[in-house]
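J.: Input: one structure, supplied below.
Throughout, read-outs are computed from the coordinates displayed, never taken from laboratory work. Every value quoted in this text rests on a predicted model; they were computed, and no experiment measured them. Counting neighbours? That spans all protein chains shown, and the Cβs are built from the backbone with ideal geometry, glycine included.
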Amino acid sequence: MAKILIVDDSPTHTATTRKILETAGYEIVTAENGAAGIEAAKSKKPDLILMDVVMPELNGFQATRKLTQDPETKDIPVILLTTKDQNTDKVWGERQGAKAYLVKPPKNDELIAEIEKLL
């Protein structure tokens, strides 16, 4: 069973995403902000990270850049899952190292399909 780290400061979005992924058979760990997400990625060693963008202190773009540049976490694929729906945000996210970019709320099958492509 693959382990997925959800990094999101919204308890509602985290709970919704957790339910979708647990129903699909994934093990879930969570972090409430970018800094905690980086720590969780290093300690929990997830197979994939779902990263929100709009978070206090360390946003998802910054956290993704740090994760993809760190030798310890660079091989963990990051999917940005955010309310930011502009093409420039998607391009910027990919430049930070994200492997995919989905807008909230994602369709369940779309989210699972993106995850399965990267695992």
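J.: So between Met1 and Asp109, what do we pick up on full extension, going 0.36 nm a residue minus the alpha carbon distance? Please report the intermediate quantities before stating the final value.
T.: Working: separation 108, 0.36 × 108 = 38.88 nm, distance 1.80 nm.
Result: 37.1 nm gained on full extension.
J.: Percent relative contact order of the chain, based on C-alpha pairs within less than 8 angstrom and at least six residues apart? Don't skip to the answer; put the middle values down first.
T.: Working: 204 pairs, mean separation 27.4, N = 119.
Relative contact order for the chain comes out at 23 percent.
J.: Given a Förster distance of 30 Å, report the FRET efficiency between Glu72 and Glu27 from their Cβ-Cβ distance, rounded to the nearest 0.05. Walk me through the numbers before you get to the answer.
T.: On the way: r = 20 Å, r/R0 = 0.67.
FRET efficiency, Glu72 to Glu27: 0.90.
J.: To continue, here is another question. Taking only Cα atoms of region 3-118, what ratio of Rg to Rh do you get with Rh as the Kirkwood inverse-distance radius?
T.: On the way: Rg = 12.4 Å, Rh = 13.6 Å.
That ratio equals 0.91.
J.: Expected output is a single nm value to one decimal: the length gained when fully extending between Glu39 and Arg95, i.e. 0.36 nm times separation in residues minus the C-alpha distance. What is it?
T.: Result for the pair: 18.0 nm of gain on full extension.
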